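For reference, the structure discussed in these notes is given below.
What follows draws every value from the coordinates through simple rules; no lab data is involved. The model shown is predicted, which means the values in this text are computed figures rather than measured ones. Please note: Cβ atoms are built from the backbone with ideal geometry, for glycine as well, and neighbour counts cover all protein chains shown.
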Amino acid sequence: MSVEQSARSAASSLPRSVRVREVGPRDGFQNEPEVIATADKLRLIELLLASGIERLELTSFVRPDVIPQLADAAELLDSVRRPEGRDCSFSVLVPNPRGLERALQHLPNFDEISVFLSASETHNRHNVNRSIAESLAGLEKTINDARAAGLRCEGVIATSFGCPYEGRVEPERVFEIAAALVEFGCVEIGFGDTTGMANPLQVGGFYRAAFERFGGAEIELTAHFHNTRGQGLANVLAALGAGVCSFESSFGELGGCPVPAGSTGNVASEDLVSMLHEMGIETGIDLDALLVASRAVEATLGRRLGAHLLRAGPVEWQHR
Ligand code: ZN
């Protein structure tokens, strides 16, 4: 087999197109030290939408005194404009029934909610000061109310691949939580590698098992990787190999989880899109236009961001 033939046969087992949800305006802006002005957020969201992005997590209805970075959720939702002439799905992260109540006042300006909890008790306590059972009980009501309002629901499970406090997290435990969320009405489950502990072999095995468990139920299984230890894209490739067609990422490599201290960030959207396109996998996103948005957020924040493409630019196969 020639090198090209073997590359083609490897590619044939990967999906031909994937869905990318940009989470920078929520996951990114929430975890940055500064509060970005609403007008700047709206301008950056417009640039993101101009790249063809079809899924966008816009904000979250969390307590403004706890997360001032997202205190403008209502104003942002009221001001954001949908791109003309194409479908685009806006999502809002909702922590509890109270957050949903506030969000619902801004329909029809968003289409989906995501709810979240952790797969490890200690991380869940640190994050939301509740046990997993208490979180699930609250989320059941949130998901029910959201569905009654016609919203699509994603359940995000943090620390799905490992916990900074407890270490290993058994996939079976993660799948039990996922099954509960599906029973409540989630049609998408996002598995989060919150502190970047996952490795590609683990990710491949995890998603193959997840598809065995949920594949028949038409549940979208999404990968939310953090590049904390530089393994984000390797984990993406492993997830693709296991059949994952849905990813969450953040422009500029913004965001992430502040445990361990100072660490970043989500997989960078531009690095992800570049790798996918180079492998012949479609995203519907114009990489050059996405880089315009990434350079703009870098300029807004006034410091270098982690995305490799921001420094290197797209791959050029012909010298201009
Ligand atoms: Zn994240």
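Miscellaneous remarks
- Leu107-Val187 FRET efficiency (beta carbon distance; Förster radius 22 Å; 0.05 resolution): 0.75
- Prolate/oblate/rounded call for the range 234-320, Cα gyration tensor, a/c under 1.5 rounded: oblate
- Taking a sphere under 11 Å around the Cβ of Thr222 and counting the other residues whose Cβ falls inside, with K and R at +1 and D and E at -1, yields a net charge of -1.
- Calculated FRET value between Arg98 and Leu237, using beta carbons and R₀ = 41 Å, to 0.05: 0.55
- Straightening the chain between Val35 and Glu75 buys 13.0 nm, computed as 0.36 nm per residue apart minus the Cα-Cα spacing.
- Gyration tensor (alpha-carbon) shape descriptor, the range 17-303, a/c threshold 1.5: rounded
- Residue order for Ile53, Ile143, Ile281, Ile177, fewest other beta carbons within 10 angstrom first, comes to Ile281, Ile177, Ile143, Ile53.
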